[in-house]
Each structure stands twice: as C-alpha cells, then as structure tokens.
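Undergrad: Got a structure for you, questions after.
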Amino acid sequence: MRIALHAAGEIGRRAGRILLAERDLTALGLYGQSGNTEDRRTTAIRELTGYDVLVTDEPAVADALGLAAIAAEDGLSAVLAVDPAEIDPQLADRFRASDTTLLVAAGLPGIAGSLARHEAARIDDETGVVVAWTVPGSPLRSGEAVPFPDPVGACWGREVRASGPTTFVEVPVEGPWAAAMARVESGRHSRVVGVADLGVHLEAVALAAGALAILDGSLPPGVWCPSDAGSSFLARALGVGMEVAAFSG
C-alpha cells in the first residue's frame, strides 16, 4: 500500500510513524515536504499520482477540504481529521465517480462514535447512548457526567447535539491527556467503553486507522465517518496500539 501524508503538525507526524510500522506499507509520500526523509520508504512528494490514499491532520476545515478535492481529482481516497458541518455535494460526487472514499472526523469523535456503534451492535434494544470526547478548554463544574478512563477520569461535559437515543457530548479538559467514551444503556443495564491517552497520540491513531480501514475495503466510495467502517476501524486502531477500558453495570 502507498499512502500520501500531509502533516500539518505533530499529530500528522505521529500518524506517519504509526503507518511506517505497517509491514504492507511500501511507500509513504510526504506531500508538500521538501528535503531529506528518515526512512527508505518515505519520500518528499509534490504530486499524489501513484498513491492510494491521502491522510492529513490539517485543522482548518477549508484547507482540509481543499486537500480532499485534490485527492479526488487525482483518484485517491482521503482521510481528514476535521468534521465539516457540510460536504459539498459536488465533492462527494467526485469521490463516488472516481470509486474512492472520503473519511472525515478521523479523531476523538470518530473513535467515540465507533465505540458506540460497536457496543450498540451487541444488543437489540438500546434505550440510551452517550458518545463523548474531550476538547481543549477549561473544565466544567456541571453538566453531563462522563466516566472516562484514567488518567483523564470522570468529568463534566456539555451536550452538543442529539439524534434519536444518542446524545453527543464534548468535555473540555486542560493538559495533554485526552479521551473518548461511549455508554450504551439497555433497560437497567449499561456498558461503558473508553480510551484515554496523550491527545496527539489518540488523534494520530485515528488517522492511521482510518487510512488502513479504507485500504481494507471496509468503506464504499463516497463520504463516511469512522463508525461507518464497522469493526474494521476499531480493529485497526487496536492493531496500532490503542487500548480500550470497559465496565458494565
């Protein structure tokens, strides 16, 4: 597999190091970079031709979508860390027409959503689902109680949206640690699954897992998020070092 990487910061650079550990990786093209590279499989590139998927940690939505448009034009799939509020229908059509995939929200929200989808699939009658992840900010003193694993621990979060039985919650935290969690309730029973680690590491794992899930063929052409990849995204994230904690009550 041949992966092009546009690293805007430390998350992208870490994602590159994670991908270099994959035995099936034959080339990692550093898109937009010049100069020497550290590994024989890495090359500074100016064009995407010849690669299978473009991965970027670009935090600006407009710039990330611009990179995705270039990938679609060149016949590549793309993995974005950002979660745009809307995707231009013409951009989505370009990915479908070129038989390629655009994966968005490949970060903490994507991890949390995948955990929720995986747990909900194990039961037939979920009565409530909470999907939560951390964001940088001052901790709240009240709100939605979220039981993240240590070292983040229990925090207060704020609801950002709801869809059916599912509530989505952002949890402001300070410092380098980050977390994602899903709580699935069925009657009087509940199960909580979550991850906690250095924020840049979890975000890098999500990007790498997203690229590998696409290359697995787990997502059809079009625009998707990590939870749409079923168990493949989580399996890939676990395979590159993510650890999940769980408890039932």
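The values are calculated or read from the model by the stated rules, or taken from the named source; none is laboratory data. Because the structure is predicted, anything quoted here is derived from the model rather than measured. Methodologically, a virtual Cβ is constructed for each residue, glycine included, from the backbone with ideal geometry; neighbour enumeration extends over all protein chains shown.
Undergrad: Across region 179-195, what is the number of residues that are of a type in the set (Gly, Ala, Ser) and touching a helix residue (DSSP H, G or I) at 6+ places or on another chain (Cβ under 8 Å)?
TA: 4
Undergrad: Could you list, in sequence order, the residues of region 222-246 that are farther than 28 Å from residue 150 by Cα and either in contact with a strand residue (DSSP E or B) (Cβ under 6 Å, 6 or more places away or on another chain) or among the polar types (S, T, N, Q) (or both)?
TA: Restricting attention to region 222-246, the residues satisfying the condition of being farther than 28 Å from residue 150 by Cα are 222-224.
Passing the criteria: 223, 224.
Undergrad: Can I ask one more? Would region 194-209 turn up any residue that is in contact with a His (Cβ under 8 Å, 6 or more places away or on another chain) and in the same structural domain as residue 113 (by TED's automatic domain parsing)? Give the derivation first.
TA: Restricting attention to region 194-209, the residues satisfying the condition of being in contact with a His (Cβ under 8 Å, 6 or more places away or on another chain) are none.
Among the residues of region 194-209, not one is in contact with a His (Cβ under 8 Å, 6 or more places away or on another chain) and in the same structural domain as residue 113 (by TED's automatic domain parsing), which makes the answer no.
Undergrad: Of all residues in region 216-231, which are part of a helix (DSSP H, G or I) and buried (at least 20 other Cβ atoms within 10 Å of the Cβ)? If you could, list the steps in order and put the result at the bottom.
TA: Initial filter on region 216-231 (part of a helix (DSSP H, G or I)): 226-229, 231.
Those that are part of a helix (DSSP H, G or I) and buried (at least 20 other Cβ atoms within 10 Å of the Cβ): 226, 227, 228, 229.
Undergrad: Would you call residue 135 in a strand (DSSP E or B), in contact with a helix residue (DSSP H, G or I) (Cβ under 9 Å, 6 or more places away or on another chain), aliphatic (A, V, I, L, M) and modelled with pLDDT under 95?
TA: On the way: in a strand (DSSP E or B): yes; in contact with a helix residue (DSSP H, G or I) (Cβ under 9 Å, 6 or more places away or on another chain): yes; aliphatic (A, V, I, L, M): yes; modelled with pLDDT under 95: no.
Taking the combined requirement at face value, the residue does not satisfy it.
Undergrad: Scan region 147-177 residue by residue and report those that are in a loop (DSSP other than H, G, I, E, B) and loosely packed, with under 13 Cβ neighbours inside 10 Å.
TA: 150, 151, 164, 174, 175, 176
Undergrad: Restricting the search to region 235-249, which residues are over 17 Å from residue 178 (Cβ atoms) and in a helix (DSSP H, G or I)?
TA: The answer is 235, 236, 238, 239.
Undergrad: Going by the conditions given, is residue 115 outside any loop (DSSP other than H, G, I, E, B) and within 26 Å of residue 166 (Cα to Cα)?
TA: yes
Undergrad: Within region 186-214, which residues are assigned to a helix (DSSP H, G or I) and surrounded by fewer than 20 Cβ atoms within 10 Å (Cβ to Cβ)?
TA: Scanning region 186-214 gives 200, 201.
Undergrad: While we're on this one: Residues of region 27-68 being under 19 Å from the mean Cα position of the chain (by Cα), more than 16 Å from residue 16 (Cβ to Cβ) and of a type outside the set (Val, Ile, Thr), which ones?
TA: Scanning region 27-68 gives 59, 60, 62, 63, 64, 65, 66, 68.
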